[in-house]
Amino acid sequence: MSYRFRFLTVGLVNALPFIGFGFLDNFTMIIAGDYIEHTLGLFMCISTMAAAALGNTISDVIGIGSAFYVEKLAEMSGVKPPKLTPIQLEMKSSRRAANMGRVIGITIGCLLGMCPLMFMENEPKDADKKDDKAAAAAAPVDVVVAVHGK
């Protein structure tokens, strides 16, 4: 097995579980954040960013709980790590290959985890602003005139 192929394999072996982690993280964050925004956000008046942060918290907790299963699924893919000596594993090129694989894997997983966005109905933000302005203009206004000294 050639030197370059070994390090490509190191990258691939490290990328596979991170594809799963990235997918689960984004998928869960989007679903949970949207649900929180449309339920808790309505009566607690939390912002979209607060709902996203709460969704991220839920996603992180689920990610911790699913780590074992994601790693097992990646192992079941059949991709085996190359046989490297401990010295080869500590080489800068091995660490770079592993880290690059993780970066590429998490990026692919996060992009795939955005798939719930394709099925969500989004209203344009400009329509919300126009509706708010129209409602404010139509609302009755109580004018209180204070006369000093009378």
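The values are calculated or read from the model by the stated rules, or taken from the named source; none is laboratory data. Worth saying up front: this structure is predicted, and the values here are computed from it rather than measured. Positions of Cβ are generated from backbone atoms using ideal geometry, with glycine treated the same way; all protein chains shown enter the neighbour counts. Each accessible area value is taken on the protein alone, full model and side chains, heavy atoms only, with ligands, DNA and RNA left out. Shrake-Rupley method; radii C 1.70, N 1.55, O 1.52, S 1.80 Å.
What net charge do the residues around residue 110 carry, taking every other residue with its C-beta under 13 Å from that of residue 110, with Lys and Arg at +1 and Asp and Glu at -1?
Details: positive: 102; negative: 25.
Charge balance near residue 110 sits at 0.
With every protein chain present, what accessible area does residue 103 have (1.4 Å probe, heavy atoms only), rounded to the nearest 10 Å²?
Per-residue accessible area (residue 103): approximately 80 Å².
Between residue 48 and residue 100, what is 0.36 nm times their sequence separation minus the Cα-Cα distance? Round to one decimal in nm.
Working: separation 52, 0.36 × 52 = 18.72 nm, distance 3.25 nm.
This chain segment gains 15.5 nm when fully extended.
If each residue of separation counts as 0.36 nm, what is the full-extension length gain between residue 80 and residue 119 once their alpha-carbon separation is subtracted? Before the final figure, lay out each step's value.
Details: separation 39, 0.36 × 39 = 14.04 nm, distance 3.61 nm.
Net length gain for the segment: 10.4 nm.
Arrange the residues 84, 8 by how much accessible surface each exposes, largest first, with a 1.4 angstrom probe.
Details: 84 30, 8 115 Å².
These residues rank, largest area first, as 8, 84.
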